[in-house]
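Comments concern the structure below.
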Ligand SMILES: Nc1ncnc2c1ncn2[C@@H]1O[C@H](COP(=O)(O)OP(=O)(O)OP(=O)(O)O)[C@@H](O)[C@H]1O
Ligand SMILES: [Mg+2]
């Protein structure tokens, strides 16, 4: 039950980029939290919802209970469950037909991390909550409105948990996603303050690509302009992640964002023009690429930026690559 949940110490990430646009939405979120309201970052894939949710939660300063929406999750998974059943098999090496099975049943109730978050006043970050079935999320209705979490009788005690005054909840979801996503009950939406996110402005995307890859401002700018042009014209939706992938590949191969560079062109085709399978995507990309010209002195700005970003890339590179 707990595999999909994590309890993490709140600590702002050193690689988090905060431009005026990000600071503005983070402050809005913070002020709703201060008033005790649960918030919900809603927006397309790759706009930075999860990163921002974790950042806002970290700034809030309480430990974070992280939960991922999942089709398989049930309401009882969210509150807790019985655990402690063990079965032993003993195979006799001398008399092969002897197989002794020993069952040990010492079941006891284990609270889920949502329950602990409610009880101890932690910050619940529920990422992609619409991937869970609406009935699984029903238990949150009374948590968010009445400050009470109903518990099954088998747990013993009062049959409910009172929600700690420091408890806060931050949700994320992607309204455009349709595979594996459930329509959420109005009652839950009604309890959340939804902050709609769209792709960040160009300066913010450039700052993030720079921070995550170590590219200089000019090159990161060129990569981000390509990504944004494909987003606007090619009918695909490359996000910040595409810019980060291209930037890291440039760094890995120690090569330049330049239209005359075959390797760069190939990386751009792979990352930006292949996923939707449309022939016109490549034509749009070719046209956009013409504007990418690397000039001497427009590369990595300082050794310090380069080193920090390469370290970050190395730390994160074995994860989801972004
Ligand atoms: N403020 C930021 N500072 C640094 N990196 C960021 C920031 N915002 C987003 N990113 C990076 O951009 C990428 C996409 O961000 P994130 O995963 O938060 O998007 P998302 O909206 O949650 O996407 P999805 O809907 O697919 O889950 C990640 O690699 C993340 O590290
Ligand atoms: Mg996310």
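None of the figures in this text is laboratory data; all of them are computed from the coordinates on show. Bear in mind that the values here come from a model prediction, so they are computed numbers and not experimental data. Virtual Cβ from ideal backbone geometry, glycine too; neighbours counted across all protein chains shown.
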Gain on full stretching of the segment that runs from residue 45 to residue 158 - 0.36 nm per residue minus C-alpha separation: 36.5 nm
Burial ordering of 232, 70, fewest other beta-carbon atoms within 10 Å first: 232, 70
Distance in nm between pseudo-label sites at residue 9 and residue 295 (7 Å out along the Cβ direction from Cα): 4.7 nm
Full-extension gain in nm, residue 186 to residue 30, via 0.36 nm per residue minus C-alpha separation: 53.8 nm
Label point distance in nm, residue 108-residue 148, each placed 7 Å from Cα along Cα→Cβ: 2.8 nm
Point-to-point label distance, residue 21-residue 265, nm (Cα→Cβ direction, 7 Å offset): 3.0 nm
Shape of segment 115-221, Cα gyration tensor, a/c cut at 1.5: prolate
Segment 107-125 residues near the modelled residue 82 label - backbone nitrogen below 13 Å, point 7 Å along Cα→Cβ: 107-110
Residues 126, 200 arranged by fewest to most Cβ contacts within 10 Å: 200, 126
Efficiency of FRET from Cβ geometry, residue 74 and residue 198, R₀ 25 Å, rounded to 0.05: 0.15
Cα principal axis extents for segment 185-264, largest first, Å: 54, 26, 19
Residue order, fewest to most beta carbons within 10 Å, for 199, 160: 160, 199
